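Participant: Have a look at this one.
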Amino acid sequence: MVDQAEPPGAAVLHCVTVPLGGRVFVVGGLELPCEPDARSLIVAENIGDEIMRLEGPGAVVLAGDCFAMIGQATPDPSQMLAEHPRIGAALDRYARGTGCEVVVLGGVTDRILLDDERAARPLSDRGWTVATALDLKVETATGEHLVRVMAADDAKSDAALTAD
């Protein structure tokens with residue numbers, strides 16, 4: 001789990017070990033709005049269908065800009081998921097699986113998830129992890145490989161995570 005003692009806005013690096021045969025599904029830029037439109041419903045349904053097909057241990061990573069939270073008076077990602085029920089149900093189902101994690105990385109449109117605990121709480125209450133970046137320790141037949149996943153526009157976070 002993410003260390004909850006970290007102050008809002010701090011660089012939080014989460015780590016997930018993916019066992020041999022495990023799977024990782026990464027998606028970003030969904031920008032799910034509070035009020036769904038035709039585009040967001042189709043995207044959420046298609047991504048939800050893909051997540052529903054995932055089995056076994058691993059991670060689903062929402063890699064930034066998955067929630068359109070800029071300009072929202074009270075940004076609530078659970079409302080956005082409720083308005084896009086297929087992806088919300090698929091993520092919840094996956095998170096309940098043995099060895100399965102859902103990790104949400106804050107991007108530009110959902111940066112508030114990193115800066116305001118109240119905005120992130122609905123996701124952590126679901127058992128999901130909110131982080132700045134994710135290190136995947138992927139076990140393969142040739143040994144363990146490390147893969148860092150970040151939101152697309154997050155070069156500053158990478159520098160913060162690697163600085164001593």
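Taken together, the values in this text are just the output of simple stated rules run on the coordinates, not laboratory data. In this text, all values refer to a predicted model and were calculated from it rather than measured experimentally. When we count neighbours, we look across all protein chains shown, and the Cβ atoms used for this are built from the backbone with ideal geometry, even at glycine.
Participant: Val60's amide H: which non-local residues (gap 5+, or another chain) put their own amide H closer than 5 Å, with H modeled 1.01 Å from N in plane and none for Pro or chain starts?
Facilitator: Here Phe25, Glu101, Val102, Val103 satisfy the definition.
Participant: Just to be sure I understand: of the beta bridges DSSP finds with both ends in the range 44-164, what percent are antiparallel, rounded to 5? Don't skip to the end; give the middle numbers.
Facilitator: Details: 8 of 17 bridges.
Of those bridges, close to 45 percent are antiparallel.
Participant: When N is the residue count of the chain, what does its C-alpha Rg come to as a fraction of 2.2 N^0.38 Å?
Facilitator: Details: Rg = 15.2 Å, N = 164, 2.2 N^0.38 = 15.3 Å.
My calculation over the Cα atoms of the chain gives 0.99.
Participant: Same structure again: Give the residue list of trypsin sites (Lys or Arg not before Pro) in the range 76-118 that are DSSP loop and have at most 11 other beta-carbon atoms within 10 angstrom. List each step's numbers first, then the result.
Facilitator: Numbers: sites: Arg86, Arg93, Arg96, Arg111, Arg118; in loops: Arg96, Arg111.
Those that pass, being in a loop and sparsely packed, are Arg96.
Participant: Moving to a separate point now. With contacts defined as alpha carbon pairs under 8 Å and 6 or more residues apart, what's the relative contact order of the range 45-164 in percent? Walk me through the intermediate numbers first.
Facilitator: Details: 191 pairs, mean separation 32.0, N = 120.
Result for the range 45-164 is 27 percent.
Participant: What FRET efficiency comes out for the pair Arg121/Arg96, r = Cβ-Cβ distance, R0 = 22 Å, nearest 0.05?
Facilitator: On the way: r = 19 Å, r/R0 = 0.86.
After rounding, the FRET efficiency stands at 0.70.
Participant: Over the range 25-65, one equal point on each Cα, no solvent: what is log10 I(q)/I(0) by the Debye formula at q = 0.24, 0.34 Å⁻¹?
Facilitator: -0.86, -1.21
Participant: If you add up the charges near His145, with Lys and Arg at +1 and Asp and Glu at -1, over every other residue whose beta carbon is less than 13 angstrom from its beta carbon, what do you get? Walk me through the numbers before you get to the answer.
Facilitator: Working: positive: Lys137, Arg148; negative: Asp135, Glu139, Glu144.
Summing Lys/Arg as +1 and Asp/Glu as -1 gives -1.
Participant: Around Ile112, under 13 Å between beta carbons, what's the net of Lys plus Arg minus Asp minus Glu among the other residues? Numbers along the way, then the final one.
Facilitator: Numbers: positive: Arg111, Arg118, Arg121; negative: Asp65, Asp76, Asp110, Asp115, Asp116, Glu117.
After counting each charged neighbour, the total is -3.
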